[in-house]
Every structure is written in structure tokens, then in C-alpha cells.
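> Take this structure first; my questions come after.
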Amino acid sequence: MNQDRARFLIVIILAAAIVQLSPGGQLTTAKSKTVAASAKANEIMQPFSVGDKGREAIEFEVQGAGRIEARAEWTGEAATMSLILNGPGQTGYYARQNGRSPLSLSFKVTDDHVSRGKKWTLAVVNFGAGSARGKVIIKVPEAASN
């Protein structure tokens, strides 16, 4: 019986850890995925599905200076969405675009950015009502060969 209770508490703790309070005061679940590159070494393709005031974050690494380019396409009731790029060494976002599908974002990564760390996150965010399903393609700078 104690093992069942312990498992139940672990499930509750894990569920609470992934639930966050959205800016509008409604509870939403935050999804975060760490992805590997696709067949192209510098390209990531990831499907997403978000609901009302939902978000899905894709974590990836940048190995060298160059341009990060992202493009999201979706269908569903959510008319407009946001792409938000966060990276190392900064509290706020590096780049953000709001709009209708298809939505694109571009950011130039410098050697200074790379020296701060390799972990970056692109969030697909629905600040409004309705759901959306689609895909995002992220192109990252190719690592310099030595």
C-alpha cells in the first residue's frame, strides 16, 4: 500500500511540475521537446499541437555563428500565433514574430552568443483562443569544421 501511495505522489508531483500559470490566469500545460537534427545536419522539423493559450517549446543546440531561421505552418481555429526564440546569456527573448500561418523568424547568431552557451529554445505560442496543429522547421548554423 505504501508503494502505491508513493507512486501516486510522484505522479502528482510530476504533473504539477509541468503545469504552469499562463499570463491570462488560466492553467495550461507547457510542452518542451529536445529534438535531434533531421536528415540535414542543420535542420530540425518538429510537429506541434497547441490549444487555447498553449505553447510548445523545441530545444536545440547551436554550435557556431550564423543564422537561425524558423518557419511554422498550421491549421486550426487559432488565427494568429507567435514564434519566440530564446537563447543563452539573456533573460528576454532574442527574436519574436507574431502572425498568421505561415510564420517565419530569423536571427543572426554571433560568436559572442555561441560563447555564452549552446542551448536555444524556439516556442510556438498561442496567446489566444482555438487550437492549432502544424509543423515547425528550424534551420541552425552549421558548425565550423576544424
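> Evaluate the distance, in nm, between pseudo-label points positioned 7 Å from the Cα of Lys135 and of Ser106 along their respective Cα→Cβ axes.
Once both label points are built, they end up 2.2 nm from each other.
> For a protection proxy built on the mean count of beta-carbon atoms within 10 angstrom, sort 128-136, 47-55 highest first, please. Please report the intermediate quantities before stating the final value.
Values: 128-136: 16.6, 47-55: 18.6.
Descending packing order for the listed peptides: 47-55, 128-136.
> Let me ask another. Which translational diffusion coefficient, to the nearest whole µm²/s, is obtained for the stretch 44-100 from the Stokes-Einstein equation, given a Kirkwood hydrodynamic radius over C-alpha pairs, 37 °C and 0.692 mPa s?
Values: Rh = 13.2 Å.
Using the Kirkwood radius from Cα pairs, D works out to 249 µm²/s.
> Further question on the same structure: First select every other residue whose beta carbon is under 10 angstrom from the beta carbon of Leu122; then total the charges, Lys and Arg +1, Asp and Glu -1. Before the final figure, lay out each step's value.
Details: positive: none; negative: Glu56, Glu59.
Local charge sum for Leu122: -2.
> If you don't mind, there's one more thing I want to ask. How about Lys119: which aspartates and glutamates have a C-alpha closer than 18 Å to its C-alpha, ignoring those fewer than 8 places off in the same chain?
Glu43, Glu56, Glu59, Glu61, Glu69, Asp111, Glu142
> For every other residue with a beta carbon closer than 9 angstrom to the beta carbon of Val140, add +1 if it is Lys or Arg and -1 if Asp or Glu, then tell me the sum.
Values: positive: Arg67, Lys139; negative: Glu43, Glu61, Glu69, Glu142.
Result for the local shell: -2.
> Cα-based Rg (one decimal) and Dmax (whole number) for the stretch 77-141, in Å?
Values for the stretch 77-141 (Cα only, Rg and Dmax): 13.1, 41 Å.
> When the Cα centres of the stretch 93-146 and the stretch 55-82 are compared, how far apart do they sit, in Å?
5 Å
Quick note: the coordinates plus some simple rules give every number you see, no bench work behind them. As the structure is a prediction and not an experimental result, all values here were calculated from the model. Every residue, glycine as well, gets a Cβ built from its backbone with ideal geometry; the counts of neighbours run over all protein chains shown.
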